[in-house]
Amino acid sequence: MAGEPQADCLFCKIVAGEVPATVIRESETTLAFRDINPQAPTHVLVIPKVHHPDAASLAVAEPQIAADILREAGEVAAQEGVDAKGFRVVFNTGSGAGQTVFHAHAHVLGGRGLNWPPG
């Protein structure tokens, strides 16, 4: 069921404290931690504490938590010192877009040039 922790979900296990992560911020509804395979000097994941498979389904089911993720992404950028020069917030949705963990999450990237278009 959407919103409920999933036994086979890596990010649900991180939220539950069953899998370690380098947590840098936590709110009532979100958790932010460093990506284990960073693609930029700053690469932090911001996830909802509730389980939804992707950003689109989270936004439909719990729009306030989707907004919380965006707010926290901005806070992460400020905390990491990349807000002034610019940062990117990326939601990969579906395997064809590079999503590998099917728990909604935002990538906050900064600290290097981020040309457009990506990839």
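The values are calculated or read from the model by the stated rules, or taken from the named source; none is laboratory data. Quantities reported herein were computed from a predicted structural model and do not represent experimental measurements. Because the Cβ atoms are built from the backbone with ideal geometry, glycine has one as well, and the counts that use them run over all protein chains shown. The protein model used for the area step is the full one, side chains on, heavy atoms only, and it has no ligands, DNA or RNA in it. Shrake-Rupley method; radii C 1.70, N 1.55, O 1.52, S 1.80 Å.
Do you know which of the residues in the stretch 29-58 that are touching a residue at least 24 places away in the same chain (Cβ under 8 Å) and out of contact with any strand residue (DSSP E or B) (no Cβ under 9 Å at 6 or more places or on another chain) is surrounded by the fewest Cβ atoms within 10 Å (Cβ to Cβ)?
56
So which pairs qualify, if the first residue must be in the stretch 73-93 and farther than 15 Å from residue 112 by Cβ, the second must be small (Gly, Ala, Ser) and open to solvent by 50 Å² or more (accessible area, probe 1.4 Å), the Cβ gap must be under 7 Å, and the two must be at least 6 apart or on different chains?
Partner pairs satisfying both residue conditions: 93/56.
Identify the single condition in (1) farther than 16 Å from residue 3 by Cβ; (2) within 14 Å of the chain's Cα centre (by Cα) that residue 102 does not satisfy, given that it satisfies every other one.
Unmet for residue 102, out of (1) farther than 16 Å from residue 3 by Cβ; (2) within 14 Å of the chain's Cα centre (by Cα): (1).
Any chance the stretch 59-69 includes a residue that's open to solvent by 30 Å² or more (accessible area, probe 1.4 Å), among the β-branched types (Val, Ile, Thr) and over 14 Å from the mean Cα position of the chain (by Cα)? Steps first, please.
Quick first cut of the stretch 59-69, residues open to solvent by 30 Å² or more (accessible area, probe 1.4 Å) only: 59-64, 67.
With the extra rule that they be among the β-branched types (Val, Ile, Thr), the set shrinks to 60.
When the remaining residues are screened for being over 14 Å from the mean Cα position of the chain (by Cα), the result is 60.
Yes: the stretch 59-69 contains one or more residues that are open to solvent by 30 Å² or more (accessible area, probe 1.4 Å), among the β-branched types (Val, Ile, Thr) and over 14 Å from the mean Cα position of the chain (by Cα).
List the number of the failed condition for residue 92; all other conditions in (1) over 19 Å from residue 48 (Cα atoms); (2) open to solvent by less than 60 Å² (accessible area, probe 1.4 Å) hold.
Condition (1) is where residue 92 drops out.
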